[in-house]
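Only one structure is covered here, and it is reproduced in the block below.
The values are calculated or read from the model by the stated rules, or taken from the named source; none is laboratory data. This one's a predicted model, so the numbers in the text were calculated from it and none came from an experiment. Glycine gets a Cβ as well: all are built from the backbone with ideal geometry, and neighbour counts include every protein chain shown. Each accessible area value is taken on the protein alone, full model and side chains, heavy atoms only, with ligands, DNA and RNA left out. Shrake-Rupley method; radii C 1.70, N 1.55, O 1.52, S 1.80 Å.
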Amino acid sequence: MLCEECGKRPASVHITKVVNGEKTERHLCEECARELEDFSFSFQPNFTIHNLLAGLLDSAKESPIGVNISQKIQCPFCGMTFNQFSQYGRFGCSQCYGSFHGRIEPILRRIHGSHVHTGKVPRRTGGKIRLKKEIDKLKRQLEQAVKKEEFEKAAELRDKIRELENQIGRE
Amino acid sequence: MSLENFINESASKWMEGNGPESDIVISSRVRLARNLADVPFPHMMNKEQSEKVISEVYDAIQNNRVLAGDFELIRMKDLSKLERKALVEKHLISPALANNEYGAVLLSRDEGVSIMINEEDHLRIQSLFSGQQLEEAWDLCTKLDDVLEERLNYAFNEQIGYLTACPTNVGTGIRVSVMVHLPALVMTNQLNRIFSAIGHVGLTVRGLYGEGTQAIGNIYQISNQITLGQAEEEIIDNLNSVTRQIIEQERTARGLLLKEKKIKLQDKIGRAYGILSNAYILTSEEAMRLLSDVRLGIDLKLIDNINPRILTEMMVILRPAYLQKLAGKELSPAERDVRRAKIVRNRLSVKKTKDSGGVY
Ligand SMILES: [Zn+2]
Ligand SMILES: [Zn+2]
């Protein structure tokens, strides 16, 4: 068997790849396998700004009838659409996770069998999480105070909440 | 240490071959993916944003007194294609980073840690240890991560953890892997059975070249597939316990071969040694296949006078870019095969007692 890549040397390296249950086989000579290992195995070269623009133009050209709803969902921060994400398999920015909210969970469950992080929490963000929880608690107390018409206490609570919110903003 | 040293120095710390279980486990690696909250992911960044990420990460390291002197910043744009490839072959950077003109890496002097900047994610903190030392590698990575986090605003979400460009890394962002040499399991045709079992516990296996069961030099890399829903320690424990079982099985297979097929084994190993010591043309596939046999011979005490490190060393030194860096010029594939054979011949003629590692 000859190498699929160069068609010159005999294929001595056989690569089987299983992606999402789909099996692909490649038969290469050693030289070509080396090249592949070194550079093409990263998906980087296939993803350029040109691809991105081409993707944008393509979806703009399509008739409205054919357009899937998911194509219209776009991340306002980086401009990536959900359709592009599903083509490239990569998000444009960390805000995409929020922008495509609701569509991410099933994907994560399929990849990881879970959608809840249980590992390390960065110390700083960890502090924020604690502050947020504290604010939630104070807001519940504020509601109660307002209901009971304890306005002095409510004002105190409001100041505290503001202070904590400022603290989060500063960090 | 200068850039030239990072590329030319043959031995990285991970190649010393003195870690625990190093007769089977070549290396342990931990890699953490991290991103900055306020910058798009690297594949969406412009030059200015890339520079900003590099300088922020660099400043975060410089801010720490202990680390400041230990790391060197190397930008991809300052390296030739060959130099980048040589760093890839030493496992210090990934092919994806080598391909990014706006990428950079912070390398520790002993080459045990590399912080890749603007790879698929803004940061990939990697540590590489010799033998089975995943906990040690994790300990180092997480400490570095803490230092960086003091200055960097990481993209983190309460629900799904560290946010990454690819959803396959989200959560812990951790990828742990061991590189193992399994010649006896290959010879006794037991790998498929073991590897299919590995798939069921959230781990993947790949050979030196790509995925699948065909590997060069009987060297395989086992790593975690799942990054979300399990804590880092669980992921490490899981890989550690699977590795321990594989070590056990490989040792059993080696013992069995020695007991029942000793002559055949001696013949195979002797032939490998004979070819390696006398060949004038060696492809890397052939070299690695034979070096694997020789290494097995060393481990089983059927050959002495050769440093067991030879397999790990040659794994890097005989790769195309590294060979060319050592030669100081570009070589055609045919020229490389000649050069490769020469290096191996020289290496095998050096006796263990005189072994200094500097014969290239
Ligand atoms: Zn070819
Ligand atoms: Zn986005």
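Among the residues of region A:105-115, how many are facing chain B (nearest Cβ under 7 Å) and either under 14 Å from the mean Cα position of the chain (by Cα) or modelled with pLDDT under 85 (or both)? Even if it seems obvious, please write down each step before you answer.
Of region A:105-115, the ones facing chain B (nearest Cβ under 7 Å) are A:107-108, A:111-115.
Retained after the next criterion (residues that are either under 14 Å from the mean Cα position of the chain (by Cα) or modelled with pLDDT under 85 (or both)): A:107-108, A:111-112, A:115.
Of the residues in region A:105-115, 5 are facing chain B (nearest Cβ under 7 Å) and either under 14 Å from the mean Cα position of the chain (by Cα) or modelled with pLDDT under 85 (or both).
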Within region B:27-41, how many residues are more than 9 Å from every other protein chain (Cβ to nearest Cβ) and open to solvent by 10 Å² or more (accessible area, probe 1.4 Å)?
-> 2
Taking the options B:LYS301, B:LYS342, B:LYS262, B:LYS329, name whichever one is surrounded by fewer than 20 Cβ atoms within 10 Å (Cβ to Cβ), at positive phi and charged (D, E, K, R).
-> B:LYS301
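If you scan region B:218-231, which residues turn out to be assigned to a loop (DSSP other than H, G, I, E, B) and more than 12 Å from every other protein chain (Cβ to nearest Cβ)?
To start, the set of residues in region B:218-231 that are assigned to a loop (DSSP other than H, G, I, E, B) comprises B:218, B:225-231.
Answer for region B:218-231, where residues must be assigned to a loop (DSSP other than H, G, I, E, B) and more than 12 Å from every other protein chain (Cβ to nearest Cβ): just B:ASN218.
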Answer yes if at least one residue in region B:86-95 is hydrophobic (A, V, I, L, M, F, W, C) and more than 12 Å from chain A (Cβ to nearest Cβ), and no otherwise.
-> yes
Which of the residues belonging to region B:315-326 are of a type in the set (A, V, I, L, M) and either crowded, with 22+ Cβ neighbours inside 10 Å or within 12 Å of another protein chain (Cβ to nearest Cβ) (or both)?
-> B:MET315, B:ILE317, B:LEU318, B:ALA321, B:LEU323
Residues B:ILE61, B:ILE24, B:ILE54: which one is of a type in the set (A, V, I, L, M, F, W, C), over 20 Å from B:ASP146 (Cα atoms) and open to solvent by less than 50 Å² (accessible area, probe 1.4 Å)?
-> B:ILE24
Looking at region B:219-242, which of its residues are open to solvent by less than 30 Å² (accessible area, probe 1.4 Å) and polar (S, T, N, Q)?
-> B:SER223, B:ASN224, B:THR227, B:ASN240
